[in-house]
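Undergrad: Pasting a structure below so you can have a look.
Just so it is clear, none of the values below were taken in a lab; they were calculated from the coordinates. Values in this document were obtained by computation on a predicted structure and should not be read as measured data. Glycine also receives a Cβ, built like all others from the backbone with ideal geometry; neighbour counts cover every protein chain displayed.
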Amino acid sequence: MSKKKTAQLLESLNERIDKVQSSSEFKKVLKFFSKFHNYSYQNSMLILMQKPEASFVAGYRQWQKKFNRHVKKGEKGIAILAPFTYKKEVKKSNLNSNSDDEETEEVKRTYFNTVYVFDISQTEGEPVPELDMKLENTNKELINLLLNYADSQEIEVGFKPLSDTIEGYSRGGEIIINEKANETEQASILMHELAHEHMHFNNESNSLNLSKEIIEMEAEAVAFVVMDYFDIESKSDKYLALYKESYDLMESFKRINDVTSSILDHLLVNEEKEDSKKDSENK
Ligand SMILES: [Zn+2]
């Protein structure tokens with residue numbers, strides 16, 4: 001796919017997300033979801049390692065105070081690191097061994113404490129505003145092409161019955177998809193998770209220190225571009241309306257374009273192979 005086409009698609013996705021966010025239907029949803037904290041890359045990774053299917057997390061008391069929900073009995077917390085800064089008076093002479101005056105200076109110190117958070121699926125109480133993310137089952141072939149692709153990348157894909165709030169998740173080398181979703185939905189879920197596998201489980205993304213907002217926007221944008229290529233309508237704008245705060249997708253253009261191009265190249269070559277196989281069988 002040409003760079004120009006990808007850029008156009010990303011621009012239009014950006015606009016569509018803004019439109020969803022400003023719609024009255026979405027305002028209620030946004031009010032609920034905007035109360036979640038946007039975790040750092042390190043904490044997002046800590047959450048992923050302990051509970052890969054987690055989507056929206058908050059602390060035990062926050063669930064009660066902000067969302068009128070409570071953590072279900074027996075649920076295990078997810079440990080993350082919260083920074084605490086405090087100010088301390090330090091003698092200047094300690095900072096600079098040459099001076100012997102007794103003046104003090106205020107310095108800021110930061111330390112990290114383990115705190116526990118819980119995923120939305122571990123809580124119950126006031127209903128969560130629902131977003132219709134269902135896709136019509138218009139394409140039953142793409143999932144097979146994508147499974148083929150995952151295989152070529154040595155990424156394992158499994159299907160499991162997951163709760164309704166979870167579509168799928170990845171954890172570096174392994175992807176789990178909700179078996180209750182239809183084939184078209186499964187393709188779009190797999191595409192999103194494959195993007196995570198390529199973009200967010202390596203040293204580069206670690207050094208970029210991407211927030212959850214950016215991670216989700218990048219992965220879903222890749223899914224959006226690929227789905228568009230196969231003429232599948234997507235709910236990417238609705239999904240990303242939950243995550244977008246201020247990030248402009250175009251800032252990730254190169255990363256998104258590189259991944260979509262290499263995946264599409266692979267899919268198209270394989271599609272050709274399949275077609276020519278069918279042709280020769282038909283003869
Ligand atoms: Zn994701």
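Undergrad: Label PHE253 and LYS278 with points 7 Å out from Cα along Cα→Cβ: what is the distance between them in nm?
TA: Result: 3.6 nm between the two label points.
Undergrad: So, one more: Projecting each Cα onto the charge dipole of the chain (Lys/Arg +1, Asp/Glu -1 at the beta carbon, about the Cα centre), which of ILE143, GLN62, SER40 comes out farthest on the positive side?
TA: The residue sitting most towards the positive pole is GLN62.
Undergrad: May I ask you to evaluate 6.51 cos²θ - 1.76 cosθ + 1.60, the Karplus curve with θ = phi - 60°, for each residue of the stretch 73-79 and list the ³J(HN,Hα) values in order in whole Hz, giving x for glycine and proline?
TA: Ordered by residue, 3J(HN,Hα) equals 4, x, 6, 8, x, 9, 7 Hz.
Undergrad: Picking from ARG61, ARG255, ARG109, which is most flexible by a Gaussian network model of the chain using Cα springs under 10 Å?
TA: Top of the fluctuation ranking is ARG109.
Undergrad: Starting from the Cα of GLU103, step 7 Å along the direction of its Cβ; do the same at GLU25; then give the gap between the two resulting points in nm.
TA: 6.4
Undergrad: While we're on this one: Give, rounded to the nearest 20 debye, the magnitude of the charge dipole that the stretch 114-251 has about its Cα centre when Lys and Arg contribute +1 at Cβ and Asp and Glu contribute -1 at Cβ. Before the final figure, lay out the partial values.
TA: Numbers: 9 positive and 30 negative charges, 40 e Å.
Using Cβ point charges on Lys, Arg, Asp and Glu, the stretch 114-251 gives about 200 debye.
Undergrad: Quick one: angle between helix 212-229 and the longest Cα principal axis of the chain, in degrees between 0 and 90, rounded to 10, please.
TA: That works out to roughly 10 degrees.
Undergrad: While we're on this one: Write down the Å³ per residue value for the convex hull defined by the alpha carbon atoms of the chain. Walk me through the numbers before you get to the answer.
TA: Working: hull volume 50.8 nm³, N = 283.
In the chain, the Cα convex hull volume per residue is 180 Å³.
Undergrad: Still on this structure: Take peptides 19-30, 185-196, 234-245 and line them up by average Cβ neighbours within 10 Å, highest first, as a rough protection proxy.
TA: Numbers: 19-30: 14.3, 185-196: 26.0, 234-245: 20.7.
Most protected by this proxy first, the peptides run 185-196, 234-245, 19-30.
Undergrad: Moving on. Quick check on the stretch 107-158: take the gyration tensor over C-alpha atoms, sort the square-rooted eigenvalues as a ≥ b ≥ c, and tell me if it's rounded (a/c under 1.5), prolate or oblate. The partial results should precede the final answer.
TA: Values: a/c = 3.47, a/b = 1.57, b/c = 2.21.
Cα axes put the stretch 107-158 in the oblate bin.
Undergrad: Got a sec? How would MET250, MET217, MET227 order by Cβ neighbour count within 10 Å, fewest to most?
TA: On the way: MET250 12, MET217 28, MET227 23.
Going from sparsest to densest Cβ surroundings: MET250, MET227, MET217.
Undergrad: Positive end of the charge dipole of the stretch 3-282 (Lys, Arg +1 and Asp, Glu -1 on Cβ, about the Cα centre): tell me which of ASN113, PHE253, LEU162 has its Cα farthest that way.
TA: ASN113
Undergrad: Just how far, in whole angstrom, is the stretch 37-67 from the stretch 118-151 if you go by their alpha carbon centroids?
TA: What the calculation gives is 19 Å, centre to centre.
Undergrad: Note down the magnitude of the dipole of the chain about its Cα centre, charges +1 on Lys and Arg C-beta and -1 on Asp and Glu C-beta and zero elsewhere, to the nearest 20 debye. Intermediate results must be reported in sequence, preceding the final value.
TA: Numbers: 38 positive and 51 negative charges, 246 e Å.
Value, rounded to 20: 1180 debye.
Undergrad: Name the residue farthest towards the positive end of the dipole of the stretch 3-282 from the options GLN186, ALA79, LEU208, assuming +1 on Cβ of Lys and Arg, -1 on Cβ of Asp and Glu, about the Cα centre.
TA: Value computed over the given set: ALA79.
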